[in-house]
Each structure stands twice: as C-alpha cells, then as structure tokens.
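The values are calculated or read from the model by the stated rules, or taken from the named source; none is laboratory data. Quick caveat: nothing in here was measured; it's all calculated off a predicted structure. Here the Cβ is made from the backbone with ideal geometry for all residues, glycine too, and neighbour counts use every protein chain on show.
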Amino acid sequence: MPSRPRLLLLMTTRTYKSHDFLEAARRLGAEVVVGTEREQALAALTPGTTLALDFLQPQAATAAIVAFARQFPLTAVVGVDDDTVPLAAMAAAALGLPHNPAEAVLATRNKYQLRQRLAAAGLPTPHFACFPLTADPAAVAVQVPYPCVLKPLFLSASRGVMRADTPEQFVAAWQRLAALLRTPEVASRGGALAEQILVEAYLPGQEVALEGLLVRGNLQVLALFDKPDPLEGPFFEETLYVTPSRLPAATQEAIAACVAACTRALGLREGPVHAELRLNAQGPWPLELAARTIGGLCARTLRFGTGMSLEELVLRHALGLEVTSYAREGQAAGVMMLPIPQRGTLRAVHGQEAAKQVPGIEALHLTVPLGHEVVPLPEGDRYLGFLFARAATPAHVEAALREAYKRLTFVITPTDA
C-alpha cells in the first residue's frame, strides 16, 4: 500500500460532483487518481494520477485498473456517479478491497431489475411491467393500469419519466420516451437497457429522499429530505429538498426501516445510498435506490460533526479512516434545483444579487454558461443551477428558497431565433 492512502475516483467528465470529491480527498491528504472516459491532455506529464477507462466495457476497464494498481497500489475505489458505481464495485472486488457486490450495484442501475428484487423480498411495490421499445404502444396502452408512469430503465434525475392518465396520453408519452432512448447519447450509454421501457402504476403521496451510508451492511441515516413541492406529473422535475424532515418521528423511522430492508434485499453492504420514496396511507414505497451520493450539487446542503462534507464522510469510510460522528449539523438546510422553463438558449440571468440578499440564502451556483442551449425535462438532464439556504427551521429554509427564486429571471430565447 502507498505511504499515503491512494484513492481511485471514477467519474464521468459531465458530473457535477468532481470538485467536491477532489476537495474532500485533498482535505484527507489522500493521493488521488481520477478515472474518466477520456484521456487527460497532460496525462503523460503526471503519471499515476489519471486513468482513461471505457465505462461501457466494465470487464476491460476492471483489468486496466488491476494492471494500474500493480504499479500504483490503491487503498479504495469510489464511483462518483451512476455510470461509474458498477465499475467501482467490480474493480474493488478484483483488488480485494471493501466493496458492494457488483450484481447488487447493477440491480440499482436497472429499474426493472430493482423492482423485481424488491417485489421478491416482499417490499411495497407498485404494479410494473417491462416492454420492448419496438412494441406497439397502442397495444401496450390497453394492458396497463391508469394512471401509470413510463420510465427508462437506467436514466436518473427523472429524465424520461412521464405520467399517463389515458391510453392517448400513454401513446404520446411512449413515443416521446422512445425518441429520447434512440438518441445517440442515450442509446450508447444504455446499451440493451435503452431498448426497453418500464411501466409502473402511479403512486400518489408525498415524496422524500433519504441519504445514508452503509457500514458492513448497517444503514446509517445521514439525512432525510422533504420535497415540499407536489410531484404529480406529467413530468417529475424536482425542485426543493429541505432537511431535517418535518414528518412525525414514527414516519421517519418507517422510512429508514424501508430503505434498510431495500439494501438488504439487494445485497448492498458498503458505501453511500441515495433513496427516493413516496408516502401514502399504506406507508413508504421505494421509488429509486442508488449506490451513490445525492445528485447534482445537492450534497452541499449537508455538513456533519464539526463541518465535514458528505463527500469527506464517504471517502473516510472508503479509505478505512475514523468517522467520529454521523450526526448532521443542527441547522436546517435546503437546496432548490433551478428548473429549465423552456427549450432554447440561455441569454441572461437577472436578479442574482437580489436573490443572494434574501435572509438565509447561503449561495447561488449557476451551472449553465450563457449562450448554451437548455432543454427541460423529460428530455433534458441538467438544471440551470442550485440555490442553497440555511436557517433555524425547515420552514424558514423553504421560505428563503422560494423568495430567492422569485427574484431570479431567466432570459431564454428559442433555439431557432
């Protein structure tokens, strides 16, 4: 092993998370190797710090990592985003490092397989069925319950997810999702998964998100987020996340127990877990479960112990370093993912200083440069940016985020204008 811990961070070049994970590794004094899908321009000048890998060929990529580790021994392998967590599990297993079983991680990356595994374990599961992309949508439309939700098997952040209340809406949603799955970018990422569509019965109720860390199979709940905005469709663009949850203690315990049962059913044992659930009269229903941290820049809402970031906590666990506390800071916190209202070119963002002046607002980060095309859900995969707030109570956090957002104006011109 190296004198200092050496960490392989696997990340796609489009991820929002690279800066925060790299900063966390720096604070921990770890040597970092960045594994991406592209060769880095200065790789030859900095041997042992970067690794080009084909995430779509995990067996070959695992072999490349094992060969790399013979010269540059690794202490841990961490996948930062959805496309890299399966390879991280495979590589860690090949190197004899603590890891999740690869087949458990792969089940979180296939929504149909996830549903099958949870249903087989007796966990709450809506009616679901999977159909080939080549099926006749009109024929499928008479086989499914209404309302229902159409989903791609592998995309995240609600991309491609649409609700249908009638057969006519179903056919329109199917055609729209099929067009997305056939785009070169999506088809190449998904492979065989891009050739199928999952249809589920719509689950009513409030939506929440749980952030956790598995330690030898035991779930440590790090945060529970309320999503105050109703997510009823026809698309499911997320906006507000606020923590701590304002739900009754018994409900929060039921949510944690449900997520823990899901991780056991899947066979996950180590590392971060991000779960999305719906709550109704029957209790919590798991929607999604990922073996990674929360998406986008949302992790910046979370601080632990004396100010440790979520990324640092995750890396401490991966590197076998001491974690003195899993307790989140006392202040309430929240984030608003700034939605894209229409397709076009982003020309200007007015009101930024006014938004930052709202009491409780901690930061505003815009993530789309001016002059770039923006695409809303269900086809899009980005937000305009992120608003962050901290305050004494969740209600104050929510109010601050809503007021700051009202002060922002986004100038978007149609692409063909």
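Give me a count of the residues in the range 12-53 that are more than 19 Å from Leu97 (Cβ to Cβ), touching a helix residue (DSSP H, G or I) at 6+ places or on another chain (Cβ under 7 Å) and at pLDDT 95 or above. Adding up the residues that qualify gives 2.
Can His365 be described as crowded, with 18+ Cβ neighbours inside 10 Å and on the phi < 0 side of the Ramachandran plot? Against the criterion (crowded, with 18+ Cβ neighbours inside 10 Å and on the phi < 0 side of the Ramachandran plot), His365 does not qualify.
Counting only helices (runs of 4 or more DSSP H) that sit wholly inside the range 1-114, those with at least 2 residues that are charged (D, E, K, R) are 18-28. Consider Val149 carefully, then state whether it is under 29 Å from Thr293 (Cα atoms) and part of a helix (DSSP H, G or I). So Val149 does not fit the description; no. Exactly one residue out of Pro234, Pro244, Pro248, Pro230 is closer than 28 Å to Val78 by Cβ, of a type outside the set (A, V, I, L, M) and not assigned by TED's automatic domain parsing to the domain that holds Arg382, and it is Pro244.
For Val77, are the conditions met, namely being at pLDDT 95 or above, surrounded by 20 or more Cβ atoms within 10 Å (Cβ to Cβ), outside the structural domain of Gly48 (by TED's automatic domain parsing) and touching a strand residue (DSSP E or B) at 6+ places or on another chain (Cβ under 6 Å)? Considered against the rule, which asks whether it is at pLDDT 95 or above, surrounded by 20 or more Cβ atoms within 10 Å (Cβ to Cβ), outside the structural domain of Gly48 (by TED's automatic domain parsing) and touching a strand residue (DSSP E or B) at 6+ places or on another chain (Cβ under 6 Å), Val77 comes out as no.
Say whether the condition of being at pLDDT 95 or above, farther than 24 Å from Ser156 by Cβ and in contact with an Asp or Glu (Cβ under 8 Å, 6 or more places away or on another chain) is met by at least one residue in the range 257-280. Within the range 257-280, none of the residues are at pLDDT 95 or above, farther than 24 Å from Ser156 by Cβ and in contact with an Asp or Glu (Cβ under 8 Å, 6 or more places away or on another chain). Can you find a residue in the range 121-133 that is of a type in the set (Ser, Thr, Tyr) and either assigned to a strand (DSSP E or B) or without any contact (Cβ under 8 Å) to a residue 60 or more places away in the chain (or both)? No, because not a single residue in the range 121-133 is of a type in the set (Ser, Thr, Tyr) and either assigned to a strand (DSSP E or B) or without any contact (Cβ under 8 Å) to a residue 60 or more places away in the chain (or both). Search the range 323-348 for residues being closer than 26 Å to Pro98 by Cβ and not hydroxyl-bearing (Ser, Thr, Tyr), and hand back the single one that is surrounded by the most Cβ atoms within 10 Å (Cβ to Cβ). Among residues in the range 323-348 that are closer than 26 Å to Pro98 by Cβ and not hydroxyl-bearing (Ser, Thr, Tyr), the one surrounded by the most Cβ atoms within 10 Å (Cβ to Cβ) is Arg328.
The set of residues in the range 296-322 being under 19 Å from Glu23 (Cβ atoms), surrounded by fewer than 18 Cβ atoms within 10 Å (Cβ to Cβ) and without any contact (Cβ under 8 Å) to a residue 40 or more places away in the chain consists of Gly305, Thr306, Gly307.
Going through (1) of a type in the set (D, E, K, R); (2) touching a residue at least 40 places away in the same chain (Cβ under 8 Å); (3) over 30 Å from Met336 (Cβ atoms) one by one, Arg189 falls short only on (3). Taking the criterion of being crowded, with 21+ Cβ neighbours inside 10 Å and among the basic types (Lys, Arg), no residue of the range 179-238 qualifies. Does Val105 satisfy the criteria of being buried (at least 20 other Cβ atoms within 10 Å of the Cβ), at negative phi and aliphatic (A, V, I, L, M)? Here the answer is yes, as Val105 does meet what is asked. Within the range 380-412, the residues that satisfy the criterion of being in contact with a helix residue (DSSP H, G or I) (Cβ under 8 Å, 6 or more places away or on another chain) and assigned to a loop (DSSP other than H, G, I, E, B) are Arg407, Leu408.
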